[in-house]
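The values are calculated or read from the model by the stated rules, or taken from the named source; none is laboratory data. Please read these numbers as outputs of a predicted model, since none were measured by experiment. For neighbour counting, all protein chains shown are included, and Cβ atoms are generated from backbone atoms with ideal geometry for every residue, glycine included. Heads up: the accessible areas ignore ligands, DNA and RNA and are worked out on the full protein's heavy atoms, side chains in. Shrake-Rupley method; radii C 1.70, N 1.55, O 1.52, S 1.80 Å.
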Amino acid sequence: MEEEEEEARPLLAGGPDEAGREAPAAPRALPALCDPSRLAHRLLVLLLMCFLGFGSYFCYDNPAALQTQVKRDMQVNTTKFMLLYAWYSWPNVVLCFFGGFLIDRVFGIRWGTIIFSCFVCIGQVIFALGGIFNAFWLMEFGRFVFGIGGESLAVAQNTYAVSWFKGKELNLVFGLQLSMARIGSTVNMNLMGWLYSKIEASLGSAGPTTLGVTLMIGGITCILSLICALALAYLDQRAERILHKEQGKTGEVIKLTDVKDFSLPLWLIFIICVCYYVAVFPFIGLGKVFFTEKFGFSSQAASAINSIVYVISAPMSPIFGLLVDKTGKNIIWVLCAVVTTLVSHMMLAFTMWNPWIAMCLLGLSYSLLACALWPMVAFVVPEHQLGTAYGFMQSIQNLGLAIISIIAGMILDTRGYLFLEVFFIACVSLSLLSVVLLYLVNRARGGNLNYSARQREEIKLSHTE
Amino acid sequence: MCGCGQGYWGWGHRAPSPMLLLSLLLSAAPFGLLGEETRQVSLEVIPGWLGNPQNLLHIRAVGTNSTLHYVWSSLGPPAVVLVATNTPHSTLSVNWSRLLSPEPDGGLMVLPKDSIQFSSALVFTRLLEFDGTNMSNTAADPPGKPYPPYSLAEFSWNNITDSLDPATLSATFQGRPIHDPTRAFANGSLAFRVQAFSRSGRPAQPPRLLHTADTCQLEVALVGASPQGNCSLFGLEVATLGQGPDCPSIQEQHSIDDEYAPAIFQLDQLLWSSLPPGFMQWRPVAYSQKQGGRESALPCHASPLHPTLTYPIPQSPIVRAFFGPQNNFCAFNLTFGASTGPGYWDQHYLSWSMLVGVGPPPMDALSPLVLGIMAVALGAPGLILLGGGLVLLLRHKQYSEYQSIN
């Protein structure tokens, strides 16, 4: 209790500001806006939740948006450039297990969110200072600090969502949060290059300082997110006082010993996840130059096409979520997504066709996969192990991303983009292999992974009877 | 998918026309002089006249029923005369007194004359330098304010006998200006490294152009010369013989394959459209470091060929000696680098490679490693699905049989 009173004090200052900002837009709704039990108030909270993740997603892909500039100004090759992504992933290999624990037991959701937001801000500032001081190691360190905050902040964001919207509009909220994250990435891809050129014009020359200043300005989004974290903490605490609702918990219980009980289907899901995501995120990280060199795109067009995956994912995630919810048959949807990704990578590798086609396909399949794959974990793991399973999945995903980012950079430097694409195709194909195996194992064991929505409904009913 | 292995060449806007491809195929077949797998290659420095060493390098590549002659020389500007004959016994004859005279016509001959199937020449006339600052368009010609160019005819060259290496079939012409008032080349030089090959292969150094026994590689390296400005871009003026009233054209081939030159998806070539054809081929990339990698890659831009009637270009005695008095030369400029990114100014180093040869230009194919990975990557999931499906089907059958008994 003492702890919570403490956190209220600094927060009170930020709170009325937030409410005041919203008020003029809808003056009549003011009572509803301030009443935590009303929808209008929840929508305000939703808005804050969405912007809470905006900063970290905006800054995550800063290196991709400024690939040529970073490599030129800092004089690094692609391998070293990709270390910026690897350093983000390293802390999360471990933190995925502890993020939930830290939120539940150590900080509480409110302080947890604020602390993680601070890490994100500080990380971005260090990253930018690395540019200003022309020290690449400082940039790497900045990404490390940024990584400590980044993923855990996403966990906190989800916990807030569950705590405010459970049994109400939860799936929609998750979808909207994801959309907001993608919008953050998209804005970054299309804005940072332009921002860099403006700063270059005003400073008179390109160089590490220009890069650093650009990144520092990009860091403003992180400050915005931190403000959202403070406002949310205030509103959450206020709601607790008024509604006597409990502080949100991730409810994650991580027991590493559970790992030995993981079933074969779960391991296959892990493999699908890792092999799929390593063929998407590192590709986007390296994509901009690919589109300029192979397809002769201008820098702006390359940024636009490189962000199309996120653009598509923003509106499609909720739609696909609904589709998978209504139809079931998760494995078939995952299979479709993986095959489509394979096709799109093959189009990028072996044809000169307009890459917009391939990238739109990639965007669609990426959104579909996220909606069909992640819920499958809940079908194959008993509820008390769910936290461990998701933690583990994120952890090895980060491990995969860290390692593959470095390998991808090395392949690009020595063997070029065609070979890199072939490597990604091999990764996706390994993922496809696992999906096929998962389907077969599920069929052979009579598992529940591929039930249609109606079958699931019937089973639920028979259980309750 | 399997179709991807072939037919991926020549997509893009400047792909060779079907007619040209057809003529290449037709021309390659009957002459039998092209596409020989291996050749006996010998490098010989033709001894000078009256004991004066002259840089005249004769590369003779003998196949089963053809001979290619590459004559490289730094008499006048560096130049090469390439001649293809349809006999393994053709020889080069040099008449030094005529070659060194003001009218060297007939000083260089390949005998027997009626065995000659193809002949052409390249002359590297000038080293250009531009001011690359405030350059808005890299493709512009010239790319910036030009500095006074260096005429390569007024360079002094080393004795190539010293650099002749029979093991690698290579020799290097290294030169610096005879008159160097600004002492720009005090610690620098311009080198033309010529290499021949007895079989097809690929060098370890980027841009790793695929060579065959029918080709000869030239690597031009500018090392240590002081640039005239802080942001100097260098260029090379290349002249060749025109064909009738027209100049040969430069084709830009776009490819999907950048395995050997990372992030370079283009191959440029100048084609002499005769029967058989001849070619000069290069990737539009130069390197600003000796161990050329992606971080030191500079773009290389080629201007279109234009007739040189409007201004005189330095004459090459060997070209005149072989072809007689000609005035239908065509020239083009290669420019290396852009105002941003790596440049000559980094390490005072610039290197660029090209192939020159007879017959259809070598074409890259997907490497066996790529094809192998693709086969496994696409085959494995398919096989598992097929096998697993069969097993499930069989089990299902058994299962339903048991059920029917019950």
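Name the residue, out of A:Ser365, A:Ser313, A:Ser298, that is closer than 29 Å to B:Ala380 by Cα and not aliphatic (A, V, I, L, M).
A:Ser365 is the lone residue from the list that is closer than 29 Å to B:Ala380 by Cα and not aliphatic (A, V, I, L, M).
For the range B:334-372, how many residues are more than 26 Å from A:Leu420 (Cβ to Cβ), of a type in the set (Ser, Thr, Tyr) and either not in a loop (DSSP other than H, G, I, E, B) or not assigned by TED's automatic domain parsing to the domain that holds B:Leu82 (or both)?
Counting residues in the range B:334-372 that are more than 26 Å from A:Leu420 (Cβ to Cβ), of a type in the set (Ser, Thr, Tyr) and either not in a loop (DSSP other than H, G, I, E, B) or not assigned by TED's automatic domain parsing to the domain that holds B:Leu82 (or both) gives 3.
Return the residues of the range B:258-295 that are at the interface with another protein chain (Cβ under 10 Å from one of its Cβ atoms) and assigned to a strand (DSSP E or B); say none if nothing qualifies.
Of everything in the range B:258-295, just one residue is at the interface with another protein chain (Cβ under 10 Å from one of its Cβ atoms) and assigned to a strand (DSSP E or B), namely B:Gln266.
Of the conditions (1) within 27 Å of B:Tyr344 (Cβ to Cβ); (2) within 14 Å of chain A (Cβ to nearest Cβ); (3) surrounded by fewer than 23 Cβ atoms within 10 Å (Cβ to Cβ), B:Ser255 satisfies every one except a single condition; which number is it?
All conditions are met except number (1).
Among the residues of the range B:186-210, count how many are over 25 Å from B:Asn333 (Cβ atoms) and under 21 Å from the mean Cα position of the chain (by Cα).
Summing the residues that are over 25 Å from B:Asn333 (Cβ atoms) and under 21 Å from the mean Cα position of the chain (by Cα) in the range B:186-210 gives 10.
Does B:Leu43 satisfy being surrounded by 19 or more Cβ atoms within 10 Å (Cβ to Cβ), under 27 Å from B:Gln326 (Cα atoms), in contact with a strand residue (DSSP E or B) (Cβ under 8 Å, 6 or more places away or on another chain) and not polar (S, T, N, Q)?
No, not satisfied.
Working only within the range B:300-333, note down all residues that are surrounded by fewer than 16 Cβ atoms within 10 Å (Cβ to Cβ) and in contact with a Phe, Trp or Tyr (Cβ under 8 Å, 6 or more places away or on another chain).
Listed by number, the residues that qualify are B:Pro304, B:His306, B:Pro307.
Quick check on A:Phe424: is it open to solvent by less than 30 Å² (accessible area, probe 1.4 Å), over 29 Å from A:Asn158 (Cα atoms) and more than 9 Å from chain B (Cβ to nearest Cβ)?
Yes.
Go through (1) within 12 Å of chain B (Cβ to nearest Cβ); (2) open to solvent by 20 Å² or more (accessible area, probe 1.4 Å) and name the single condition A:Arg42 misses.
Tallying (1) within 12 Å of chain B (Cβ to nearest Cβ); (2) open to solvent by 20 Å² or more (accessible area, probe 1.4 Å), A:Arg42 fails exactly one: (1).
Any chance you could count how many residues in the range A:342-353 are open to solvent by 10 Å² or more (accessible area, probe 1.4 Å) and in contact (Cβ under 8 Å) with a residue 40 or more places away in the chain?
3
Can you find a residue in the range B:296-305 that is part of a strand (DSSP E or B), touching a Lys or Arg at 6+ places or on another chain (Cβ under 9 Å) and hydrophobic (A, V, I, L, M, F, W, C)?
yes
Output the residues belonging to the range B:197-214 that are touching a Phe, Trp or Tyr at 6+ places or on another chain (Cβ under 7 Å) and assigned to a strand (DSSP E or B).
The one that is touching a Phe, Trp or Tyr at 6+ places or on another chain (Cβ under 7 Å) and assigned to a strand (DSSP E or B): B:His211.
Just one of A:Leu437, A:Leu364 is within 14 Å of chain B (Cβ to nearest Cβ), at pLDDT 90 or above and open to solvent by 30 Å² or more (accessible area, probe 1.4 Å); which is it?
Matching residue, one of A:Leu437, A:Leu364: A:Leu437.
Across the range B:359-400, what is the total count of residues that are open to solvent by less than 60 Å² (accessible area, probe 1.4 Å), free of Cβ contacts under 8 Å to residues at least 12 places away in the same chain and more than 11 Å from chain A (Cβ to nearest Cβ)?
Within the range B:359-400, residues that are open to solvent by less than 60 Å² (accessible area, probe 1.4 Å), free of Cβ contacts under 8 Å to residues at least 12 places away in the same chain and more than 11 Å from chain A (Cβ to nearest Cβ) number 1.
For (1) touching a residue at least 12 places away in the same chain (Cβ under 8 Å); (2) of a type in the set (S, T, N, Q); (3) outside the structural domain of A:Ala65 (by TED's automatic domain parsing); (4) crowded, with 21+ Cβ neighbours inside 10 Å, each residue gets a yes or a no:
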{"site": "A:Tyr196", "(1), (2), (3), (4)": "yes, no, no, yes"}
{"site": "A:Tyr277", "(1), (2), (3), (4)": "yes, no, yes, yes"}
{"site": "A:Phe283", "(1), (2), (3), (4)": "yes, no, yes, yes"}
{"site": "A:Ser298", "(1), (2), (3), (4)": "no, yes, yes, no"}
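Do we find a residue being in a loop (DSSP other than H, G, I, E, B), without any contact (Cβ under 8 Å) to a residue 12 or more places away in the chain and open to solvent by 20 Å² or more (accessible area, probe 1.4 Å) anywhere in the range B:175-196?
Looking for residues that are in a loop (DSSP other than H, G, I, E, B), without any contact (Cβ under 8 Å) to a residue 12 or more places away in the chain and open to solvent by 20 Å² or more (accessible area, probe 1.4 Å), one finds at least one in the range B:175-196, hence yes.
For the range B:187-205, how many residues are among the hydrophobic types (A, V, I, L, M, F, W, C) and at pLDDT below 90?
Of the residues in the range B:187-205, 1 are among the hydrophobic types (A, V, I, L, M, F, W, C) and at pLDDT below 90.
How about the range A:408-465: which of its residues are under 23 Å from A:Val324 (Cβ atoms) and not in a helix (DSSP H, G or I)?
Those that are under 23 Å from A:Val324 (Cβ atoms) and not in a helix (DSSP H, G or I): A:Gly446, A:Gly447, A:Asn448, A:Leu449, A:Asn450, A:Tyr451, A:Ser452.
Can you tell me which residue in the range A:383-421 is most open to solvent (accessible area, probe 1.4 Å), limited to those that are within 25 Å of B:Gly379 (Cα to Cα) and β-branched (Val, Ile, Thr)?
Selected residue: A:Ile407.
It is to be established whether one or more residues within the range A:126-146 are within 24 Å of A:Val324 (Cα to Cα) and touching a residue at least 24 places away in the same chain (Cβ under 8 Å).
no
Out of curiosity, is B:Pro248 within 14 Å of another protein chain (Cβ to nearest Cβ), crowded, with 21+ Cβ neighbours inside 10 Å and not in a strand (DSSP E or B)?
Taking the combined requirement at face value, the residue does not satisfy it.
Consider A:Ser225 carefully, then state whether it is in the same structural domain as A:Met139 (by TED's automatic domain parsing) and over 18 Å from A:Phe119 (Cα atoms).
no
Between A:Leu268, A:Leu215, A:Leu224, which is part of a helix (DSSP H, G or I), touching a helix residue (DSSP H, G or I) at 6+ places or on another chain (Cβ under 7 Å) and within 14 Å of another protein chain (Cβ to nearest Cβ)?
Being part of a helix (DSSP H, G or I), touching a helix residue (DSSP H, G or I) at 6+ places or on another chain (Cβ under 7 Å) and within 14 Å of another protein chain (Cβ to nearest Cβ) holds for just one of A:Leu268, A:Leu215, A:Leu224, which is A:Leu268.
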